[in-house]
Amino acid sequence: MRLIIMGPPGAGKGTQATRIAEKYAIPAISTGDIFRANIKNRTELGQQVEAILAAGGYVPDEVTNEIVSDRLTWDDAANGFLLDGYPRTTGQVDFLDGALGDHPLDGVVQLTVDEDAVVERLLKRASVDGRSDDTEDVIRDRQALYTTETAPLLALYRERGLVAEVDGMGEVDEVTSRLVEAIDGLRAGTVA
Ligand code: ADP
């Protein structure tokens, strides 16, 4: 299974990606997690992207693409993966197409949420995780960037018949069940 999970900041992609990855025995690859781990470990990459993440901007495609193409060569991704937070730009979509070559994507699950409810969720997370980009202003900026840069990518994947839309509001377990149903539908070729 080669999958992408897409949705606005705070849609619960990370939580759901971990669960879905476990269910299908594939790695969940989160570019945001990779960047945050590098910032925490004070690597060169971390120092390069720290200010960008804090401001809610996008890391340049050249940097992000390189990280993903390297991660996709790991043994655990040989039979599939779930990408969380990637691709986010048309440049990343093109790059991913090239990187996948003869093993194209099986599907893209789109998590939909109410944006105002999500701001509340993220502000709550800020008090637990202390993420530098979970302040109200930066959250609104990240949402706006998602709307202008990333949401339009769904149209590209929709044209390929790859997108299944899933309601991301409700209990975590409930959302996971909906996602599994959608992914099984994509697999069977019956896109929701
Ligand atoms: P969220 O979906 O809540 O914004 P992520 O963990 O997916 O959280 O991303 C956090 C930040 O990491 C983004 O705001 C951006 O700065 C950076 N980032 C993650 N993935 C990408 C990507 N594919 N391209 C560019 N920047 C990215």
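The values are calculated or read from the model by the stated rules, or taken from the named source; none is laboratory data. Bear in mind the structure is a predicted one, so any value in this text is a computation, not a measurement. Don't worry about glycine lacking a Cβ; one is built from the backbone with ideal geometry, like all the others, and counts go over all protein chains shown.
Miscellaneous remarks
- Subset of the range 1-27 that is outside any helix (DSSP H, G or I), hydrophobic (A, V, I, L, M, F, W, C) and within 23 Å of Pro152 (Cα to Cα) - its residue that is farthest from the ligand (Cβ to nearest atom): Leu3
- The residue of the range 98-121 that is surrounded by the fewest Cβ atoms within 10 Å (Cβ to Cβ), among those that are over 15 Å from Leu82 (Cβ atoms) and under 16 Å from the mean Cα position of the chain (by Cα), is Thr112.
- Residue check, Arg42 among the basic types (Lys, Arg) and either in a loop (DSSP other than H, G, I, E, B) or within 13 Å of the ligand (Cβ to nearest atom) (or both): yes
- Residue within the range 51-63 that is among the small types (Gly, Ala, Ser), within 11 Å of the ligand (Cβ to nearest atom) and within 12 Å of the chain's Cα centre (by Cα) present: no
- Members of the range 149-192 that are assigned to a loop (DSSP other than H, G, I, E, B), over 16 Å from the mean Cα position of the chain (by Cα) and under 29 Å from Arg121 (Cα atoms): Met169, Gly170, Glu171, Ala192
- Matching residues, the range 126-140, being near the ligand (Cβ under 9 Å from one of its atoms) and either assigned to a helix (DSSP H, G or I) or surrounded by fewer than 17 Cβ atoms within 10 Å (Cβ to Cβ) (or both): Arg131, Val138, Ile139
- Verdict on Pro104 being at pLDDT below 95 and in contact with a strand residue (DSSP E or B) (Cβ under 8 Å, 6 or more places away or on another chain): yes
- Per this entry, Gly91 is not counted among residues that are more than 12 Å from the chain's Cα centre (by Cα), away from the ligand (no atom under 13 Å from the Cβ), assigned to a helix (DSSP H, G or I) and small (Gly, Ala, Ser).
- Within the range 95-114, the set of residues being part of a helix (DSSP H, G or I) and in contact with a helix residue (DSSP H, G or I) (Cβ under 6 Å, 6 or more places away or on another chain) comprises Phe95, Ala99.
- Criterion: of a type outside the set (Phe, Trp, Tyr) and either at pLDDT below 95 or not in a loop (DSSP other than H, G, I, E, B) (or both) - qualifying residue of Val49, Val59: Val49
- Residues of the range 98-112 classified as more than 15 Å from Ala17 (Cβ to Cβ) and within 15 Å of the ligand (Cβ to nearest atom), total: 2
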